[in-house]
Amino acid sequence: MNIQPLSDRVVVQAQDAQEQTASGLYIPDSAKEKPQRGTVLAVGPGRVENGTHVEMTVTAGDTVLYGKYSGTEVTLDGHDYIIMRESDILGIIR
């Protein structure tokens, strides 16, 4: 991947939607929910607020939760990515 996000943006690769329920039933494509979990691939340098540089909280490799409709979906080299602001990230899964 050759993309470097600017400002307080991050590039996330969404994890695949679940294929089965906990009880073992298969979910058809039309009923799958949009994933809300992904892996951070690249992080921007941070933002400037009131003349002060604010560092990013997330780092590349973090698994994060984000809102269903957060960010902008892009396709690069045949892979789908989401570019979003750090504020769209709800939490880091550790």
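What follows draws every value from the coordinates through simple rules; no lab data is involved. As the structure is a prediction and not an experimental result, all values here were calculated from the model. FYI the Cβ positions are ideal-geometry reconstructions off the backbone, even for glycines, and counts take in every protein chain you see.
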For this session: Would you mind getting me the FRET efficiency between residue 53 and residue 94? Use the beta-carbon distance for r and R0 = 30 Å, nearest 0.05.
Result: 0.70
Problem set entry | Shape of segment 45-92, Cα gyration tensor, a/c cut at 1.5 | prolate
For this session: Can you tell me the order of 49-58, 66-75, 4-13 when each peptide is scored by its average per-residue count of other Cβ atoms within 10 angstrom, highest first?
Result: 4-13, 66-75, 49-58
